Structures are given as C-alpha cells and as structure tokens.
Amino acid sequence: MAKNQDVEVRDDKVLEDAGDEPRVYELGFHLDPELPTEEVKKAYQSIRELITSKGMLVAEGEPEKIQLCYVISRQETAGRRDFNSAYFAWIVYETSATNHAEILTVAHADKHIIRFIDIVTTKDAARHSVEIRELSLKMPERTEDIETVAGAELDAALENVVV
C-alpha cells in the first residue's frame, strides 16, 4: 500500500482490472465535530450528490455524532488538531472505477472530512447492514446494571451449591 497523507491507496491488481465495470463501494467518513449542524448536513449532502451524479446509491447512513474509540490527529495550517468525537456517515454506491477514483479525490480534498475509508462491498452486505441497524434501533435500551444482575445470579447459584 502506498500512503498519501491520511489516505491509504491500494495497489491491488483486482481493483486495477475492474476497468469501467460497475462495482459496489462503501465510503465511511468522519466529519469535523465542531461544524454547526447545518454545515454537517451540507457537507454530507455534497458528498451524497457527487456520488449520485457518478453512480447509483445503494444504501446510506446519515451523519451521527459519536465518541471516537481513539484520538484522530490531523495536521492543519494552524497546527495539529486532535479529535475525540466526530460525525460519522456512510454511503454505499455502485459506480465504475473511473468515477470511483473521482469520488475519492473529492473526499480527500474535502476539509470537513477528517478521515475516511472506502471499501469494495456488495449490495446484499449493504442491505443487511441497514436491516441490522434498523433492528438495533427498535430494541429497547438495557437499563439494568449488568454487575447487579451478574451478582444476583452468582448469589443464586452459590445458594444451590452442594458441598
């Protein structure tokens, strides 16, 4: 893999041989958490519109503010900037290799995107992810304290122990 700033460029023979045959890609990206809500929507819509102009939209997940598992650092003109949170969004789309390269070029140049990943996927995998996400949103949040429940189960099990 050749590295270009924060973007890893894959030199796979498989991707080179794709030519202009349409393939399905998933672009996942983190947007600057300090952007106002309207700017987040505009940045997302800008990428979405580019993708729909270059190919076919398969599935998407609109920006949602999340805590990051680790700090992402980025060098900017004013110095280094660390991010502990970001707006995360993803878009699955089908397009040719030529259009795919154009989309990645724009994503790399977009200053609102602090990091992104682009992978080859399938329509079925994308639809399955959407179904799982919808199911998880329908499930009620667990309000029980796991340690309390585990402690009560342990106490019950110890009472039934035969010595």
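Taken together, the values in this text are just the output of simple stated rules run on the coordinates, not laboratory data. It should be emphasised that the depicted structure is a prediction, and the values quoted were computed from it without experimental measurement. Here Cβ is always computed from backbone atoms with ideal geometry, including for glycine, and neighbour counts include all displayed protein chains.
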Sorted by chain and number, the residues with a modelled amide H under 5 Å from that of Ile114, at a separation of 5 or more or across chains, are His30, Leu31, Asp32
Taking 0.36 nm per residue of separation between Lys42 and Ser73 and subtracting their Cα-Cα distance, the length gained on full extension comes to 8.8 nm
Which order, highest average first, do 30-40, 125-135, 89-99, 75-85 follow once you tally other Cβ atoms within 10 Å for each residue and take the mean per peptide? 89-99, 30-40, 125-135, 75-85
Specify the inter-centroid distance of region 47-110 and region 31-45, based on alpha-carbon positions, in whole Å. 11
Amide H of Ser85: which non-local residues (sequence gap of 5 or more, or other chain) have their own amide H closer than 5 Å, using H built in the peptide plane? Leu68
Report the local net charge at Val106: Lys and Arg +1, Asp and Glu -1, summed over other residues whose C-beta lies under 12 Å from its C-beta. -1
